[in-house]
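**Q** Quick one: the structure is below, and I'll ask about it shortly.
The values are calculated or read from the model by the stated rules, or taken from the named source; none is laboratory data. These numbers were taken from a predicted model, which means no experiment stands behind them. As a convention, Cβ positions derive from the backbone with ideal geometry for all residues, glycine included, and neighbour counts pool all protein chains shown.
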């Protein structure tokens, strides 16, 4: 029988073949599957892939929305599988390359597990001591604790030792130095006290310190990994393959294989992958990604096309004139990369806190030791008190305070459809007070207006034609006409440079671009309907602007497009400050001028002409369909509705507030604990209680981020 | 207090057992795809189909 776990998934027969284990050891391809979400999806995708003769085995990972494929030897082209998945209703992209499995996550989890195991057992033994065990019993407990704690810390705390050693060799004081020092000293002095039969041993403190700090590290690493995989998911959206004309055939090739002089074939709606000249007679291209200019421009045979142009009237043939690193797009990317390094690093809250905290801890412990030496002259007692101070002040909650919030916030944003690409992005987004929008492609889209008086019959034909094409305008039409049943058409053909034609009950129907490119004409037999091309604001844009204003943001529009259009859209959305006809470097100047006024600028844009401005702003967001270069320059990418930007900002503000609260909480614990420790009243029990409660408090507080 | 000589090895053995199992779950990549594992129990096992 078949199982339908979600109504959205059509399920065929359920002969799901699941290879045992997870990632096939010989996986040669990785497919990104953004649409999968349930058991039936796993079954269908694996069935489709495993049924293909070229594939030896395929395994879906639902958490990461990927499939790993082990192909037969010699297979290099996955486009056939992607089409097979598309037939089954699943969008799939080829991931840029198969990354080596990242073992650092599970490695850290192992350290964390061992620290946790040892901490629980030693804590159990310590309870006996705290509740009054004395003499031989206490000594037995300490000896058993030592036998567990010494090997466990030696293994589990290695990440800290390694970092501390690296920092010391470079002559720096990193957070890991006091941590390592506290762990080593605590173990050392406890061992000494155990041998001497002393009162206090700090084994459980050393272990819980290791455990809580490793937990913070683990959260931090998981967040960084999800940020990295978000970035690689995005680059999978960019076409990696193009059709090259070889002899009479069109062959799908990876983009890296294209050489100067190769002739390529592009479908309507495709992005030009390399700089090229046109081979066919004529074409209209949308260059708004590069210039912001929303009118399509005409190109005739022999004229140049730039990487990043979108072919509106296709398919066409082009000949490559610059490939790889030489394309205009790549040159711009390099400029952005240079600007990025020039921006200087944003120092995060965690770094600021650490830079105050680390020297302070050392100093307090040292002063305590010297003070006790001066007063009592007893090295053993002074050392005991100094170690107690070091353990109590060690940034246990501080290590969790910020990673816990970041993990909670990025997780929530990911579920909303926003990929945060940089680990300091949340903090920078939280400080934004001015939002600058690009117009074309970000707030507006080109659309065909369906006349209100068009008969239902014609609408059905139009929907049928729109269904058959992947042109951006057709996609817009499909959205406008989503309630209309498409007419049954046959003989569908996309005509080069014109549009799409078909037959309906033997009668020719077509949707062709008008000669000036500003309208499209629907013909049904002899009847003609004109569909004007206009610029529409994207859904959610108006609400977004209203919400941003409600949050006290200063909103403005910054576009390369002509003034009249910019002002019209500005009026429609309620944006009064508009800069129009601004070239790419002008956009950077505007953003820099705003920052010079002391504002924290958020730039939202999708085009190549925005990339430099995205880098120059305090924080930046790009929509999911943006050019690769802009997505790389932006701190966060919003897939889906643009209106979500308001939620992103609200969540970032809330996250930053939680981070500050957490820092305050952990500082508060120290204000109470440090005087007690310095005066020699600290006991292992007190350290254990303070460490656990402060860590749990900051974790719970982090979960309030929403 | 002699009971401790039995109970402490007992607790250490049980804790150690849990640790060994935990290491095994990490080694066999069981934290790799938690969502997928949760959903796969809904799929029919091909070996069960007669």
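**Q** Right, residue A:582: touching a residue at least 12 places away in the same chain (Cβ under 8 Å) and not in a strand (DSSP E or B) or not? I'd like the intermediate steps shown before the answer.
**A** Details: touching a residue at least 12 places away in the same chain (Cβ under 8 Å): yes; not in a strand (DSSP E or B): yes.
Yes: the conditions hold for residue A:582.
**Q** Here's something else I'd like to know. Which members of the stretch A:562-579 meet the condition of being part of a helix (DSSP H, G or I) and either touching a residue at least 24 places away in the same chain (Cβ under 8 Å) or farther than 17 Å from residue A:542 by Cβ (or both)?
**A** A:563, A:564, A:565, A:566, A:569, A:572, A:573
**Q** Still on this model: Within the stretch A:594-613, which residues are free of Cβ contacts under 8 Å to residues at least 24 places away in the same chain and part of a helix (DSSP H, G or I)? Write out each step before concluding.
**A** Step one: filter the stretch A:594-613 for residues free of Cβ contacts under 8 Å to residues at least 24 places away in the same chain, giving A:595-598.
Across the stretch A:594-613, the qualifying residues are A:595, A:596.
**Q** Could you tell me which of the residues A:168, A:181 is over 23 Å from residue A:120 (Cβ atoms) and either touching a residue at least 60 places away in the same chain (Cβ under 8 Å) or within 14 Å of chain B (Cβ to nearest Cβ) (or both)? Please lay out each step first, then the result.
**A** Numbers: A:168 fails: either touching a residue at least 60 places away in the same chain (Cβ under 8 Å) or within 14 Å of chain B (Cβ to nearest Cβ) (or both).
One residue alone meets the criteria, A:181.
**Q** Hey, can you tell me all the residues within the stretch A:250-269 that are buried (at least 21 other Cβ atoms within 10 Å of the Cβ) and modelled with pLDDT of 75 or more?
**A** Once the filter is applied, which keeps residues that are buried (at least 21 other Cβ atoms within 10 Å of the Cβ) and modelled with pLDDT of 75 or more, the stretch A:250-269 yields A:264, A:266.
**Q** Sticking with this structure for a sec: So is residue A:160 assigned to a helix (DSSP H, G or I) and either free of Cβ contacts under 8 Å to residues at least 24 places away in the same chain or within 30 Å of residue B:5 (Cα to Cα) (or both) or not?
**A** No; evaluated as a whole, the condition is false for this residue.
**Q** When you check residue A:54 against the structure, is it more than 10 Å from every other protein chain (Cβ to nearest Cβ) and within 21 Å of the chain's Cα centre (by Cα), yes or no?
**A** Details: more than 10 Å from every other protein chain (Cβ to nearest Cβ): yes; within 21 Å of the chain's Cα centre (by Cα): no.
The answer is no for residue A:54.
**Q** Shifting gears a bit: Can you tell me which of A:689, A:671 is surrounded by fewer than 16 Cβ atoms within 10 Å (Cβ to Cβ) and under 26 Å from residue A:199 (Cβ atoms)?
**A** A:689
**Q** Could we say that residue A:20 is away from chain B (no Cβ under 14 Å) and either modelled with pLDDT under 80 or out of contact with any strand residue (DSSP E or B) (no Cβ under 6 Å at 6 or more places or on another chain) (or both) here?
**A** Criteria not met by residue A:20.
**Q** Also, quick follow-up: Among the residues of the stretch A:33-49, is there at least one that is in contact with a strand residue (DSSP E or B) (Cβ under 7 Å, 6 or more places away or on another chain), modelled with pLDDT under 80 and more than 10 Å from every other protein chain (Cβ to nearest Cβ)?
**A** no
**Q** Now for a different question. Restricted to the stretch A:100-114, and to residues that are within 11 Å of another protein chain (Cβ to nearest Cβ) and touching a residue at least 40 places away in the same chain (Cβ under 8 Å), which residue is farthest from the chain's Cα centre (by Cα)?
**A** A:114
**Q** Now a separate question. So which of A:489, A:522, A:473 ends up being touching a helix residue (DSSP H, G or I) at 6+ places or on another chain (Cβ under 6 Å), surrounded by 16 or more Cβ atoms within 10 Å (Cβ to Cβ) and at pLDDT below 80? Lay out the reasoning, then the answer.
**A** Numbers: A:522 fails: at pLDDT below 80; A:473 fails: touching a helix residue (DSSP H, G or I) at 6+ places or on another chain (Cβ under 6 Å).
That would be A:489, the only listed residue that is touching a helix residue (DSSP H, G or I) at 6+ places or on another chain (Cβ under 6 Å), surrounded by 16 or more Cβ atoms within 10 Å (Cβ to Cβ) and at pLDDT below 80.
**Q** Under the condition of being more than 7 Å from chain A (Cβ to nearest Cβ) and modelled with pLDDT of 80 or more, which residue from the stretch B:26-46 is surrounded by the most Cβ atoms within 10 Å (Cβ to Cβ)?
**A** B:37
Yes or no, residue by residue, for (1) over 17 Å from residue A:675 (Cβ atoms); (2) part of a helix (DSSP H, G or I); (3) modelled with pLDDT of 85 or more; (4) outside the structural domain of residue A:188 (by TED's automatic domain parsing):
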{"position": "A:356", "(1), (2), (3), (4)": "yes, yes, no, no"}
{"position": "A:361", "(1), (2), (3), (4)": "no, yes, no, no"}
{"position": "A:365", "(1), (2), (3), (4)": "no, yes, yes, no"}
{"position": "A:368", "(1), (2), (3), (4)": "no, yes, yes, no"}
{"position": "A:389", "(1), (2), (3), (4)": "no, yes, yes, no"}
{"position": "A:392", "(1), (2), (3), (4)": "no, yes, no, no"}
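**Q** A further question on this structure: Listed residues A:611, A:677, A:617; which is crowded, with 24+ Cβ neighbours inside 10 Å and in contact with a strand residue (DSSP E or B) (Cβ under 7 Å, 6 or more places away or on another chain)?
**A** Testing whether each residue is crowded, with 24+ Cβ neighbours inside 10 Å and in contact with a strand residue (DSSP E or B) (Cβ under 7 Å, 6 or more places away or on another chain) leaves just A:617.
**Q** Within the stretch A:668-698, track down each residue that is modelled with pLDDT under 85 and under 34 Å from the mean Cα position of the chain (by Cα).
**A** Correct list: A:691, A:692.
**Q** Search the stretch A:124-142 for residues being within 11 Å of chain B (Cβ to nearest Cβ) and in a helix (DSSP H, G or I), and hand back the single one that is nearest to residue A:212 (Cα to Cα).
**A** A:124
**Q** Moving on to the next point. Please tell me if residue A:398 is crowded, with 24+ Cβ neighbours inside 10 Å, at pLDDT 85 or above and either part of a helix (DSSP H, G or I) or touching a strand residue (DSSP E or B) at 6+ places or on another chain (Cβ under 8 Å) (or both).
**A** Against the criterion (crowded, with 24+ Cβ neighbours inside 10 Å, at pLDDT 85 or above and either part of a helix (DSSP H, G or I) or touching a strand residue (DSSP E or B) at 6+ places or on another chain (Cβ under 8 Å) (or both)), residue A:398 does not qualify.
**Q** In the set A:183, A:195, which member is buried (at least 24 other Cβ atoms within 10 Å of the Cβ) and closer than 19 Å to residue A:382 by Cα?
**A** Going through A:183, A:195 in turn, the sole match is A:183.
**Q** Only one of A:646, A:673 is outside the structural domain of residue A:376 (by TED's automatic domain parsing), touching a helix residue (DSSP H, G or I) at 6+ places or on another chain (Cβ under 6 Å) and either closer than 30 Å to residue A:368 by Cα or touching a residue at least 12 places away in the same chain (Cβ under 8 Å) (or both). Can you tell me which? So that I can check it myself, show each step before the final result.
**A** On the way: A:673 fails: outside the structural domain of residue A:376 (by TED's automatic domain parsing).
Step by step, each of A:646, A:673 is checked, and only A:646 is outside the structural domain of residue A:376 (by TED's automatic domain parsing), touching a helix residue (DSSP H, G or I) at 6+ places or on another chain (Cβ under 6 Å) and either closer than 30 Å to residue A:368 by Cα or touching a residue at least 12 places away in the same chain (Cβ under 8 Å) (or both).
**Q** Under the condition of being over 23 Å from residue A:108 (Cβ atoms) and within 9 Å of chain A (Cβ to nearest Cβ), which residue from the stretch B:6-25 is farthest from the chain's Cα centre (by Cα)?
**A** Within the stretch B:6-25, the first condition is being over 23 Å from residue A:108 (Cβ atoms), and the residues that meet it are B:6-14.
In the following step, the residues that additionally are within 9 Å of chain A (Cβ to nearest Cβ) were identified as B:8, B:11-12.
Working: B:8: 22, B:11: 17, B:12: 17 Å.
Looking at the filtered set, the residue picked out is B:8.
**Q** Could you tell me how many of the residues in the stretch A:246-267 are touching a residue at least 12 places away in the same chain (Cβ under 8 Å) and in a strand (DSSP E or B)?
**A** Result for the stretch A:246-267: 8.
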